Amino acid sequence: MDIPSKYEPGKAESKWYSYWMEHGLFKSTPDEREPYTIVIPPPNVTGVLHMGHMLNNTIQDVLVRRARMQGKNACWVPGTDHASIATEAKVVAKLKSEGIEKLDLSRDEFLEHAWEWTNKHGGIILEQLKRLGASCDWDRTLFTMDEKRYDSVIKVFVDLYNKGLVYRGVRMVNWDPQARTAVSDEEVNYTDEKSRLYYVRYKIVGEDGFVTVATTRPETILGDTAVCANPDDDRYSHLKGKRVIVPMVEREVPFIFDSYVDPEFGTGCLKITPAHDINDYEIGLRHNLPSIDVFNEDGTMSERAGMFIGVDRFKAKELAEIELKKSGNLVKVENYNNKIGRSERTDAVIEPRLSVQWFLKMKELSQPALDAVMDGDVHIHPAKFKNLYRHWMEGVRDWCISRQLWWGHRIPAWYFGNNEFVVAEHISEALKLAKVKSGNPSLTESDLRQDEDVLDTWFSSWLWPITSFDGINYPDNEDIKYYYPTNDLVTAPEILFFWVARMIIAGYEYRDAKPFRNVYLTGLVRDQKRRKMSKSLGNSPEPIDLIEKYGADGVRVGMLLCSPAGNDLLYDDSLPEQGRNFSNKIWNAFRLVNSWEVDENIPQPDSSRVAVKWMEEILKRSIHEIDLNFRKFRISEALMISYKLFWDEFSAWYLEIIKPEYQKPVDRITLNATKVIFEKLLKIIHPFMPFITEELWQLLEERKNGESLMVALMPEARKFNKELVTDFESVKETISAVRTVRQNKGIPNKDKLELLIREDKNSYDTELLPIIAKLGNLSAISFVPEKQPGSISFMVGTTEFFIPLTGSIDIESELKKLQDDLEYNRGFLISVMKKLDNQRFVQNAPTNVLDLERKKQSDTESKIKSIEERIKELES
């Protein structure tokens, strides 16, 4: 078989992905097998692949491919999110570039443009995921605004409203003045920015005195309705029952006391603007204060401000400073570092704003989801996030679910008459309800007007594990009963509360069951300076470029090598390069084995027979360790075990042992055994590196059309011979020691040496000696009862070895080496004895740990004794 000298990832990836697709190997339908299900965290429909997607989807694909090879009916559901704010912003920008303003269009006209944009750009990211090797069931591809998902969302809104859980009210929200909509907490990014702290005087009514307030927002003074101090702050106790005058607008407001105020901040006095600060709003509710909204939706000053009307808020801040100086009420201005909230989508500074919105009551709904995680029904990996989850769920607030946008699921509320409304899935049902509510049977559909707002994007994605199988519209359909609950969710910690928790809430509300069994939280992909990857910083490579350069398998391995659950991945190009090198290692190992000529008549050498036996045991041990790490969601560790299994055990040791001499053949038994071992290795590595493993599996022997490694059964964990595995580690040490002697003494590898073992032959396991003989290039191995003068000695464990050398030994050099060994072993013994002399350790340590420490003590004492004897011998 002619195998190319170099692995060409591009050709293999294109060939085998097409092969998998053509033979329907990603497809899943309910059957008698155990299901394994993952629903993809839906990326934005108009998004493109970034490094975070690469990590997240590589992990998902590893889990899905492994489950498939374990004989499970693996179903990975792909899809995209309509992403209200992000998509609408892109469409608005596109229209603006064409000279069209959104407000010049009707809603339907705008939505035509939005659908056109979505259909043109949507799905790019899913095609990019195919380049990565994602084995999704593409026939199941979903969109959060396709017909079934849209209907499901509307149905849930109506149901929750009818249960009294959805209500309409005025609340403080995060307002994006650029997008002109409320945004959720998770769509606000806080950054440290340079600001200014303004110290402003408020005159006390009926007195000559003033109180001074420190504020970063002088433009909102126009909306002040009180000034407040801490009730324990004696500096202001004399102002109880007093009133002060708000500068610029000359409005009298009460001086109040509330324990929220921090006496240490600024002057210890706080201006209260209930319409523009969440904490002020809460204080306003407690003290029954009025609210004055001084901003318009676009962030300009409103008529209620009374000054600077129509001026942008940032310009108004400058004008307010001038006005305060003019009136003598500006005491001083200091530089100040402040945390500023910015919209994730538009980067506009968020404005806390009182607004009429739709809300979902969360306290009652949340309890089953809190219990599920606390009681272990849903497992979070790593577990350190469990308490964070509990903290958020116990303090959960009502969810603002409305957004002032056109792109999204339109709220199914219909208004009539004097701003009365009804909620229904369709206008025909709304009309019936409106006739009853109004007592007016002559109402028509034209008398109803639907709410202009859409639902928060998360209000569709919180139903994702259910709507992926149409479980809202048809709660008893075959898919939802078979695939739900799903198995694992792979996502990022920053949306643990805002998406994961809400999915668990929805799961118990609509299926009375968890939506998934495990939540695997990845870290962020950062650069070597620990900065988050971003295009604006120029530190984020293009994923497709990486795939082109290093191959999909190389990139997958690179992403996983240094990404333990919940911890950030510090990326640089050496990671995918290491992955590519691993691909080359696997390829070259196959080429080596494939290049051997076979002689059917020669017997199997003892060294090869023992090597095969050892490698089979190493495989069993490694499979056990890999399984254990997967159960604990230590996927990076599972990859590293697989990596070392192939690179170290198989390539560096096993192949070296069985490799025939130059231009000589290999025996049939060894070659067949090696191919079996190689196939097992390919199966173990396949979930991590699907393309090269499929390529080599197909080359390993002739396969039928439609056969694939990805549906071959994964080797199962079995008991392994611990004694053989342990003994072989001693063999490695012995061979390494022999090679060190050669190197130190300048003895060529081609020159054979003799090895003497100071041990009773009857008590020594000789089965592994042929391997030492072959890799050490030894002419003979003998057992001797005593030390051998004129020989170089070394120890492995408690056994002493000698290599007779012709010519004189450099006694000084040998003594130095022995003294170094003696010093090391004495130091090691001290560290062991510190543990064994510690009563606390001895009393609390498990028996196996104590036994190990005592064995270390015994072995080290034997080594010290032997080294001291050897030194004495050389010095005499």
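The values are calculated or read from the model by the stated rules, or taken from the named source; none is laboratory data. Here the structure is a predicted model, which is why all the values come from computation and not from measurement. Cβ sites come from the backbone with ideal geometry, for glycine too, and all protein chains shown count toward neighbours. For accessibility, only protein heavy atoms count, side chains too; no ligands or nucleic acids. Shrake-Rupley method; radii C 1.70, N 1.55, O 1.52, S 1.80 Å.
In whole percent, and with a 1.4 Å probe on the protein chains, what portion of the accessible area of the chain is carbon and sulfur?
48
Return the sequence-ordered ³J(HN,Hα) values of the stretch 717-723 in whole Hz as given by the Karplus equation 6.51 cos²θ - 1.76 cosθ + 1.60 applied to θ = phi - 60°, using x for Gly and Pro.
5, 9, 4, 10, 7, 4, 5
Here is the link list: K680/K855; K835/K863; K6/K664; K613/K683. Which ones come out longer than 29 Å on Cα distance? Can you show the working numbers first?
Working: K680/K855 35 Å; K835/K863 19 Å; K6/K664 24 Å; K613/K683 19 Å.
Pairs exceeding 29 Å: K680/K855.
Report D for the stretch 467-616 in µm² per second (integer): Stokes-Einstein, Kirkwood Rh on Cα pairs, 37 °C, 0.692 mPa s.
The estimated diffusion coefficient comes to 163 µm²/s.
Past 24 Å, Cα to Cα: identify those pairs from K644/K732; K384/K632; K620/K750, in the order given. Walk me through the intermediate numbers first.
Numbers: K644/K732 15 Å; K384/K632 14 Å; K620/K750 35 Å.
Going by Cα-Cα distance, K620/K750 fall outside the 24 Å limit.
How much net charge surrounds K27 when only other residues with a Cβ under 10 Å from its Cβ are counted (Lys, Arg +1; Asp, Glu -1)?
Working: positive: R140; negative: D137, D139.
Value of the local net charge: -1.
What percent does the relative contact order of the chain come to when contacts are Cα pairs within less than 8 Å and at least six residues apart? The partial results should precede the final answer.
Working: 1448 pairs, mean separation 107.4, N = 876.
Worked out over the chain, it gives 12 percent.
When every alpha-carbon pair in the stretch 442-545 is counted, what percent end up more than 15 Å apart?
Working: 3892 of 5356 pairs.
Across the stretch 442-545, Cα pairs with separations above 15 Å total 73 percent.
If each Cα of the chain is one equal point scatterer, what is log10 of I(q)/I(0) from the Debye formula at q = 0.09 Å⁻¹?
-1.03
I need the phi-derived Karplus couplings for the stretch 276-290: 6.51 cos²θ - 1.76 cosθ + 1.60, θ = phi - 60°, integer Hz, Gly and Pro marked x.
9, 7, 5, 6, 4, 4, 5, 4, x, 5, 5, 10, 6, 8, x
What dipole magnitude, in Debye to the nearest 20, does the stretch 255-368 give about its Cα centre under +1 on Lys/Arg Cβ and -1 on Asp/Glu Cβ? Write down the numbers at each step before the final one.
Numbers: 15 positive and 19 negative charges, 12 e Å.
Using Cβ point charges on Lys, Arg, Asp and Glu, the stretch 255-368 gives about 60 debye.
Going by amide H atoms built from the backbone, whose H comes under 5 Å of the H on F210, apart from near neighbours?
Amide H neighbours of F210, under 5 Å, 5+ apart: I204.
Within the stretch 582-635, which GluC sites (Glu not before Pro) sit in a loop by DSSP and count at most 15 neighbouring Cβ atoms inside 10 Å? Before the final figure, lay out the partial values.
Details: sites: E597, E600, E616, E617, E625; in loops: E597, E600.
The qualifying sites are E597, E600.
Bin width 5 Å, alpha-carbon pairs only: give the P(r) of the stretch 98-154 as whole percents, running from 0 to the bin holding the largest distance.
Each 5 Å bin holds this share of Cα pairs: 4, 14, 17, 19, 17, 13, 8, 6, 2.
Could you pull out every one of the aspartates and glutamates with an alpha carbon less than 20 Å from that of K817, ignoring same-chain neighbours closer than 8 positions?
Of all the aspartates and glutamates, those that pass the test against K817 - Cα under 20 Å, at least 8 places apart if same chain - are E733, E800, D859, E861, E868, E869, E873, E875.
For the chain, what is the accessible area per residue in Å², given a 1.4 Å probe and the full set of protein chains? Each step should come with its number before you reach the end.
Working: 40490 Å² over 876 residues.
Heavy-atom SASA per residue in the chain reads 46 Å².
Return P(r) of the stretch 196-236 (all Cα-Cα pairs; 5 Å bins starting at 0; whole %; ordered from short to long distances).
Result returned by the calculation: 5, 18, 26, 28, 18, 5, 0.
Mind pulling up the Rg/Rh value for the stretch 44-136? Radius of gyration and Kirkwood radius, both on Cα.
1.15
Find the Cα radius of gyration of the stretch 316-462, compare it with 2.2 N^0.38 Å by division, and give the number to two decimals. Before the final figure, lay out the partial values.
Values: Rg = 23.3 Å, N = 147, 2.2 N^0.38 = 14.7 Å.
Output field value: 1.59.
How big is the dipole moment of the stretch 705-755 about its Cα centre under a simple scheme where the beta carbon of each Lys and Arg is +1, that of each Asp and Glu is -1, and everything else is neutral? Debye, nearest 20, please. Kindly include the intermediate steps, with their values, before the conclusion.
On the way: 9 positive and 8 negative charges, 58 e Å.
Computed charge dipole of the stretch 705-755: roughly 280 debye.
Spelling out what I want: for every residue of the stretch 473-485, take phi, set θ = phi - 60°, compute 6.51 cos²θ - 1.76 cosθ + 1.60 (Karplus), and round to whole Hz; glycine and proline get x.
5, 9, x, 10, 6, 4, 4, 5, 5, 8, 8, 9, x
Can you list residues from other chains, or at least 5 along the same chain, whose modelled amide H is less than 5 Å from the amide H of M145?
Under 5 Å from the amide H of M145: H82.
Under a straight-distance cross-link criterion of Cα-Cα below 20 Å, which lysines are reachable from K317, leaving out those fewer than 8 residues away in the same chain?
K194, K271, K325, K326, K332, K339
Please report the Cα spread of the stretch 119-225 along all three principal axes, rounded to whole Å, starting with the longest.
Principal-axis extents of the Cα atoms in the stretch 119-225, largest first: 78, 42, 22 Å.
Using only C-alpha atoms and all pairs of different ones, pull out the Kirkwood radius for the stretch 526-610 in Å with one decimal. Walk me through the numbers before you get to the answer.
On the way: mean 1/r = 0.0634 Å⁻¹.
Kirkwood hydrodynamic radius for the stretch 526-610: 15.8 Å.
At 0.36 nm per residue, minus the direct Cα-Cα distance, what do E814 and T267 gain on full extension? Give it in nm, one decimal, please. Don't skip to the answer; put the middle values down first.
Values: separation 547, 0.36 × 547 = 196.92 nm, distance 7.74 nm.
Additional length available on full extension: 189.2 nm.
When ranked by the protection proxy of mean other Cβ atoms within 10 Å per residue, highest first, what sequence do the peptides 679-690, 486-497 form? Before the final figure, lay out the partial values.
Numbers: 679-690: 23.3, 486-497: 19.7.
Taking the mean over residues of other Cβ atoms within 10 Å, the ranking is 679-690, 486-497.
Excluding residues on the same chain fewer than 8 positions from K761, give the lysines whose Cα lies under 18 Å from its Cα.
K787
Just to verify a number: FRET efficiency for F828 and D146, C-beta to C-beta distance, R0 = 56 Å, to 0.05? Each step should come with its number before you reach the end.
On the way: r = 66 Å, r/R0 = 1.18.
Calculated value: 0.25.
I411's amide H: which non-local residues (gap 5+, or another chain) put their own amide H closer than 5 Å, with H modeled 1.01 Å from N in plane and none for Pro or chain starts?
Those qualifying (amide H under 5 Å, at least 5 residues apart or on another chain) are D453, V454, L455.
Projecting each Cα onto the charge dipole of the chain (Lys/Arg +1, Asp/Glu -1 at the beta carbon, about the Cα centre), which of L142, I781, S106 comes out farthest on the positive side?
I781
Can you give the alpha-carbon Rg of the stretch 657-704 over 2.2 N^0.38 Å, where N counts its residues?
On the way: Rg = 12.8 Å, N = 48, 2.2 N^0.38 = 9.6 Å.
Expressed relative to 2.2 N^0.38 Å, the Cα Rg reads 1.34.
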